[in-house]
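Here the structure comes first, spelled out in structure tokens, and everything after it is commentary.
Every number in this text was worked out from the coordinates using simple rules, so none of it is lab data. No experiment lies behind these values; they were computed from the predicted model shown. Note: ideal-geometry Cβ built from the backbone for every residue, glycine included; neighbour counts use all protein chains shown.
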Amino acid sequence: MGLKFRSAVLLLASYCTLMVAGCAIDPMEQLAVDIQSQDVTKRKQAIIAMANLNDQRATEELLGLLEKDDELLDVVAVALVKKGREIEQRNLQVNTIVEAVGKILGNAHLAEPFRARAAWTLGEIGSRQAVSVLLTGTLALIGAAPAAYVREYSRQGLEKLGYYSEGRAYEVPMGGLLGQVEVLPEPDALALPDAD
């Protein structure tokens, strides 16, 4: 009994040591440093890593960037599309990404490009949960003037979700962001349609 007991204790101790050592590596620590870098490439790689990471802190960091990082706004939006689509695939009743991005769209204190890219993100995720916030976005204002970009991308998002009789294709095809990705596609630049 003594030898078996000691062997079991040693095995358990070894296992616990490995588990503790494995838990000591937190990728978000390095990503939090990288995302503050002056090097745009390093920041972009950090965003891609966060898109692939199943960690609520990564999602919160991406949401924060969607509100303030005009330099990498587009790649952050695609990262959030990836995360939002992953939630949709799990068929959860509430898509927390849609809720959080919807709050960004509805924040009248943010600059228009951030709100417009949030509307684009909601349309690209493909969740019907976004319909009500996108409908509100079609009435968005900047002060007393219409927020043209926010309105346009909210309308396009509704088209992608099949709200209107005329649909619109997703810019990032469904299934295009599955699993671990090494590169996130760049969406078209924000633009208003040509007046005929």
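Measure nothing fancy, just the Cα-based angle from helix 73-89's long axis to the longest principal axis of the chain, in degrees from 0 to 90, nearest 10. Taking Cα atoms only, the helix is inclined about 70 degrees. Placing one equal scatterer on every Cα of region 48-95 and applying the Debye formula, the log10 ratio I(q)/I(0) at q = 0.17, 0.28 Å⁻¹ is -0.46, -1.06.
Which FRET efficiency value, to the nearest 0.05, do you get for L139 and D194 by plugging their Cβ-Cβ distance into 1/(1 + (r/R0)^6) with R0 = 22 Å? Computed FRET efficiency for L139 and D194: 0.45.
For A169, neighbours were defined as the other residues whose beta-carbon sits under 14 Å from its Cβ, and their charges (Lys and Arg +1, Asp and Glu -1) total -3. Determine which lysines satisfy two conditions relative to K42: a Cα distance under 25 Å, and not lying fewer than 8 residues away in the same chain. Partners within reach: K68, K82, K83.
Ordered by the count of other Cβ atoms within 10 Å of each Cβ, fewest first, Y164, Y149, Y170 give Y164, Y170, Y149. Compared with the dominant Cα axis of the chain, that is its longest principal axis, helix 96-105 is turned about 40°. Dipole of the chain (Lys/Arg Cβ +1, Asp/Glu Cβ -1, origin at the Cα centre): which of A118, V101, Q89 lies farthest to the positive side? The residue sitting most towards the positive pole is Q89. Calculated on C-alpha atoms, the gyration radius of region 28-160 divided by its Kirkwood radius gives an Rg/Rh of 0.98. Charge dipole (Cα centre; +1 on Lys/Arg Cβ, -1 on Asp/Glu Cβ; no other charges) of region 28-160 amounts to roughly 380 debye. Other residues within the sphere of radius under 11 Å centred on the Cβ of K44, judged by their own Cβ, net out at -4 (K and R +1, D and E -1). Positive-end ranking of S154, I35, Q56 along the dipole of region 28-160, with charges on Cβ about the Cα centre, is headed by S154.
Determine the distance separating the Cα centre of region 111-169 from the Cα centre of region 53-88; give it in Å without decimals. Result: 18 Å between the Cα centres.
Net charge near L66, counting Lys/Arg +1 and Asp/Glu -1 over other residues with Cβ under 12 Å of its Cβ?
-1
Ranked by how many other Cβ atoms sit within 10 Å of their own Cβ, fewest first, the residues S154, S127, S132 fall in the order S132, S127, S154. Our summary gives the chain a relative contact order of 17 percent, counting only alpha carbon pairs under 8 angstrom and 6 or more residues apart.
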